[in-house]
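Take a look at the structure set out below.
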Amino acid sequence: SAEVKTTSSGAAANQQKMGSDGKTPLYTSGGGHPIQDDNNSFTVGDGGLILMEDFTLIEKLAHFNRERIPERVVHASGQGGHGYFEVTKDVTHLCKANFLSEVGKRTPILARFSTVGFESGGADTVRDPRGFSVKFYTEEGNWDMVGNNTPVFFIRDPSKFPDLIHTQKRHPAKHTKDPDMFWDFLSLVPESFHQVLILFSPRGVPVSPRYMNGYGSHTFKWVNKEGQFNWVKFHFKTNQGIKNWTHQEAVKVAGESPDSAKEDLYEAIARGEHPSWTFYVQVMSPEQAETFKWDPFDLTKTWPHKEYPLQEVGRLVLDRNVTNYFNEVEQAAFSPSHMPPGIQASPDRVLQARLFSYDDAARYRLGSNFLLIPVNKPRHKAQNYHVDGLMQCGDNGGSGPNYYPNSRELYPNAPRPDPAVKYPEPFQVPAGLAGRYINKKWADQDDWDQPRALWEKFSDEDKEQTLSNIVGMLAPCQQFLQDRVVGLFGKIHEDMAAGLTKRLNAAKEGKAKTSQTA
Ligand code: HEM
């Protein structure tokens, strides 16, 4: 008989099995058994009971019951696409990362875009920040750029993150979105108002990921070959132009086509209209950081472009749709801690906490071997001594050693650390007394001048839309919350307080009239 080729695990090599006509792929059970009929259960006579012997049915129902994995605790509703990153400008004086080593160099990427607060399946036209995640499959390990479509965020200390998210999700009893808890939390955390202003501005509901920018938001560190570093911020500017829905359009589209953004991106890529973004960095030297007007690591602040101009680096292009959403998007695990040599974290407290949080989430959501799932695998094989664990589907280190250090005499081909690799590059940290501190700079700096500058840049139409978007969400709230929120917007600009008060009063009068006539 013909010899059967085996893999290292002893199972038969993966060949496609054909049916009796020799050309139609045979339908099989998970264990490879042939299936004769998958529409009629195995019963005693045509009107009788199903037999336990109907293993095909049992397997099918049991597998179906286990199709769901935990969805992401935030950013659950998403979409993705594959493509590449190409270097267009030499930045080797700033960053030693190998994928940036020469102009023209291309690196494969996966991008995932998401809304934040809704569950998987939520409408694409909700007023919510959008996630902007890019996995660069570099030769030195994956770089996950896990950002948003806004350059700032609601909080600057990570301890507030779970509370922030609870208030943007569902009420514990009603299981609905709740304007009271939304505004209660945000108005007790006033550093959020820069992000809140952007959220309610005409940029709050992008038409699709193709028409929005992406930002790393945090400050990161770029280190060059000489070990010198600068602080940087990442910007990905859309080359399709910015397009957003107004509130009225968003409500309509949510009803007619809740998957509108997913359709838009998928269909554009399928048509060959490959969306692209230009990647820029803002660069701040360590000396400039000392005298910067705000805390340079405060996630609620931007760096003025006039002082810190955008410097081009390259472009991102999406040119291939995913073939299987679950495999390539749902199972994708992005983490800000995945950075190749040359890119490092800053002291931003929120970033520091995110370095822990994402791989922890992936271990819960996908299991301890999540890095063996094809979409998460690095470009070069991971070589280490992590073994076993649920769903181990790699070679598991084969028969090599499962410990380190080990002797070259015994294991000449075993992986070994390389002292030539400086990763992370060592850096100086000012020592201090450990404790729970409010950053001194936050207490001294003005938290209102950046949102004020943004408000002053808005056109009259932008201002009108912003005020009416806020009132839409604020009018159903309790009076004391309305007063507190209006007071805080008044710190951005007195025109905001006046405009909101006028519109809230009009909304109240309208309601009173409706109830009189009812
Ligand atoms: C997703 C935690 C702040 C952008 C997630 C997930 C967690 C998380 C646990 C789900 C990950 C998964 O299941 O794979 C946190 C914590 C934060 C924080 C603890 C602050 C303390 C931020 C900020 C940004 C951001 C500031 C943007 C600048 C994202 C994005 C995703 C995400 C884009 C979706 C990733 C994907 O596409 O799969 N976050 N987050 N998060 N977060 Fe955060």
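Rule-based calculations on the coordinates, nothing more; no lab input. Just so you know, these numbers come straight off a predicted model, no measurement behind them. Neighbour counts are summed over all protein chains in view; Cβ atoms, including those assigned to glycine, are modelled from backbone coordinates with ideal geometry.
So how do 302-312, 405-415 stack up, highest first, on mean other-Cβ count within 10 Å?
Numbers: 302-312: 14.3, 405-415: 10.9.
Order by mean packing, descending: 302-312, 405-415.
For labels at residue 33 and residue 326 in the simple 7 Å Cα→Cβ model, what's the distance in nm? Reported label-point gap for residue 33 and residue 326 is 2.2 nm. Using a cutoff of 8 angstrom between alpha carbon atoms and counting only pairs six or more residues apart, the relative contact order for the chain works out to 15 percent. The residue list 22, 109, 50 was ranked by how far each Cα lies along the charge dipole of the chain toward its positive end, using unit charges on Cβ atoms, and 109 comes out on top. Listed by chain and number, the lysines placed with their C-alpha closer than 29 angstrom to that of residue 225 are 89, 96, 105, 135, 233, 237, 306, 377, 381, 422; residues fewer than eight positions away on the same chain are left out.
Ranking 451, 245, 512 by how far each Cα lies toward the positive end of the dipole of the chain (charges on Cβ) leaves 451 at the top. Under a model in which nothing but the beta-carbon of Lys, Arg (+1) and Asp, Glu (-1) is charged, the chain shows a dipole of about 680 debye around its Cα centre.
For a label point 7 Å from the Cα of residue 246 along Cα→C-beta, name the residues of region 195-236 whose backbone N is under 19 Å from it. Answer for region 195-236: 199-208. Charged side chains reduced to their Cβ positions (Lys and Arg at +1, Asp and Glu at -1) give region 369-490 a dipole of some 680 debye around its Cα centre. If you average the C-alpha positions of region 448-462 and of region 58-112 separately, how far apart do those two centres end up, in angstrom? Using only Cα atoms, the two centres lie 34 Å from each other. Peptide packing for 57-64, 92-99 was compared via the average number of neighbouring C-beta atoms within 10 Å per residue; ordered from the highest value, the list is 92-99, 57-64. If a/c stays under 1.5 just call it rounded; otherwise compare a/b with b/c (prolate if a/b is bigger, oblate if not). Do that for region 188-245, with a ≥ b ≥ c from the square roots of the Cα gyration tensor eigenvalues. In terms of gyration-tensor shape, oblate.
Nothing charged except the Cβ atoms of Lys and Arg (+1) and of Asp and Glu (-1): what's the magnitude of the dipole of region 352-427 about its Cα centre? Round to the nearest 20 debye.
Approximately 220 debye in magnitude.
Helices in the chain, meaning DSSP H runs of at least 4 residues, each add -39500 (n - 2.57). Divided by all residues, the mean residue ellipticity at 222 nm is -9000 deg cm²/dmol. Dipole orientation for the chain: of the candidates 173, 75, 88, 88 has the Cα lying most toward the positive pole (charges on Cβ; Lys, Arg +1; Asp, Glu -1). Taking θ as phi - 60° and the Karplus parameters 6.51, -1.76 and 1.60, the scalar couplings of region 84-101 work out to 8, 10, 10, 6, 10, 9, 6, 10, 5, 5, 9, 9, 8, 4, 4, 6, 9, 5 Hz in sequence order, x denoting glycine and proline.
Taking the centroid of alpha carbons for each part, region 193-254 and region 381-428 are 38 Å apart. Shape class for region 9-89: oblate, because the ratio a/c of the largest to smallest gyration tensor axis (alpha-carbon atoms, square roots of eigenvalues) is 1.5 or more and b/c is at least a/b. The calculated Kirkwood hydrodynamic radius for the chain is 26.4 Å, given to one decimal from all distinct C-alpha pairs. For the listed peptides 129-140, 485-496, a ranking on the average number of other beta carbons within 10 Å per residue, highest first, reads 129-140, 485-496. For region 196-281, the square roots a ≥ b ≥ c of the C-alpha gyration tensor eigenvalues yield an a/c of 1.5 or more together with a/b not exceeding b/c, which makes the shape oblate. Spherically averaged projected area of the convex hull of Cα atoms, region 404-518: 17.4 nm².
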